[in-house]
Amino acid sequence: MLGFASYAALLPELRDLWGLSNAQAGIVGSAFFLGYIAAVSYATALTDRVDGRRVYLAGSLLAAAGGAGFGVAAQGLASAAFFQLLLGLGVAGTYMPGLRLLSDRVSGPLQSRYVSFYTSFFGIGTALSLALAGYLAATHGWRSAFVVSAAGPLCAGILVFCFIEKTKFLDKPGPRFTLATLFPIASWRKVLADRAAAGFTLGYCLHCVELFGSRGWMVAFLAYSATVQAPGLAFAWNLAAIAAVVNLVAVPSSILGNELALRIGRGRWILIAMSASGAAGIALALSAPAHWAIVLALLVAHALLVMADSGTLTAGLVGTVPAELRGAALGLYSLAGFAGGMVGPSLFGFALDLAGGQASAVAWVCAYVAIGAGGIAAPLAVRALGRARG
């Protein structure tokens, strides 16, 4: 994950360096998610037919090429978007195939714990990516941040390929590898016919619009807030380090949120968490000129609230759909989430431009409203489509 947030950490600098609009800067961030969506179904299904280590190694090489290529050759909108897309393709070849490699090798009570640790390291990797990019850009230039980040997936691919036991397959042909295997439309229709499952899926999509939209622009917002308070605060490595710490602090929020949901009910908790996160985003935008301590407190509060419903939405979906549709439901759920992730950064940038640009206080409020409005509406959609079980 070392290159995952490099662009988000350096978005303000690269936007100004290349003369991009905020909408264009958002498109570059969204290109990663486009690459992920394009490859994740294929890469995951491929692990049923070939050694998962090879899939993981191929994904690692693509991710390394995306990071190194960005650092060496990115010159503007088109080239930057291309290398971010390549990075997304690579992460698609590592994240879910890596989870498959892990779950195939651990069984019993330990499996759930190991899977939980694995998914938690997504957030930890994001935080390290932010911190490393900010530090290297300040000390060695922005290109070094991307080139060095390529070492992360490269090392991961070598470790998995060399130290994980080869996947063994039964001596019989597997199922035909068709578009229906990758995109089980018939099963997805059955999932969406269940009103509660459709609500959880829609809720997760809108959750990811806010999550990845806010993460993608976090450092840029901090840079804006620093400039309207005291220019001396706007050191890139400081702002990226702050964003890294905030991402780390938010990691346990999903687990704690699900525990609260078990006590008060999933539907009610989703309503509280999503409404609160949307409101917190607006409050954060309004706080930009306030004391730095207030800005940081609201930044942490918003990050915690955005993550607070993630586990609840996932658990709700798993508990709602019948066992025979669970795999298809989770596949659709993942695609919907990363589709939301693709929309979030671009939507934020477009709203920022339409409302006056990054120098306008009103524009930042509008941008946070744009990504948070769906989160506020999502609980209403969940209730309209059907009450959550439990």
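Here is a yes/no grid of residues against (1) crowded, with 24+ Cβ neighbours inside 10 Å; (2) touching a Ser or Thr at 6+ places or on another chain (Cβ under 9 Å):
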| site | (1), (2) |
| --- | --- |
| Tyr36 | yes, no |
| Asp51 | no, yes |
| Tyr56 | yes, yes |
| Gly66 | yes, no |
| Phe70 | yes, yes |
| Gly76 | no, no |
Yes/no for Val91 being more than 20 Å from the chain's Cα centre (by Cα) and either buried (at least 22 other Cβ atoms within 10 Å of the Cβ) or closer than 23 Å to Ala9 by Cβ (or both)
no
Name the residues in region 63-92 that are outside any helix (DSSP H, G or I) and out of contact with any Phe, Trp or Tyr (no Cβ under 7 Å at 6 or more places or on another chain), would you?
Gln75
Where Leu17 falls short, out of the listed (1) open to solvent by 10 Å² or more (accessible area, probe 1.4 Å); (2) of a type outside the set (D, E, K, R); (3) more than 18 Å from Gly90 (Cβ to Cβ); (4) in contact with a Pro (Cβ under 7 Å, 6 or more places away or on another chain)
(4)
Select from region 274-304 the residues that are under 30 Å from Ser334 (Cα atoms), touching a residue at least 40 places away in the same chain (Cβ under 8 Å) and not small (Gly, Ala, Ser) and list them in ascending order.
Met274, Ile282, Leu284, Leu299, Val300, His302, Leu304
Hey, among Ala367, Ala290, which residue is open to solvent by less than 50 Å² (accessible area, probe 1.4 Å), within 29 Å of Asp16 (Cβ to Cβ) and over 22 Å from the mean Cα position of the chain (by Cα)?
Ala290
Restricting to region 295-316, name every residue that is out of contact with any Gly (no Cβ under 8 Å at 6 or more places or on another chain) and open to solvent by 20 Å² or more (accessible area, probe 1.4 Å).
Leu296, Ala297, Leu298, Val300, Ala301, Leu304, Leu305, Thr314, Ala315
I'd like the residue in region 354-364 that is crowded, with 19+ Cβ neighbours inside 10 Å and over 22 Å from the mean Cα position of the chain (by Cα) and, out of all such residues, is farthest from Gly26 (Cα to Cα).
Ala363
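The values are calculated or read from the model by the stated rules, or taken from the named source; none is laboratory data. This one's a predicted model, so the numbers in the text were calculated from it and none came from an experiment. A quick note on method: Cβ atoms are made from the backbone with ideal geometry, for glycine too, and the neighbour counts reach across all protein chains shown. For accessibility, only protein heavy atoms count, side chains too; no ligands or nucleic acids. Shrake-Rupley method; radii C 1.70, N 1.55, O 1.52, S 1.80 Å.
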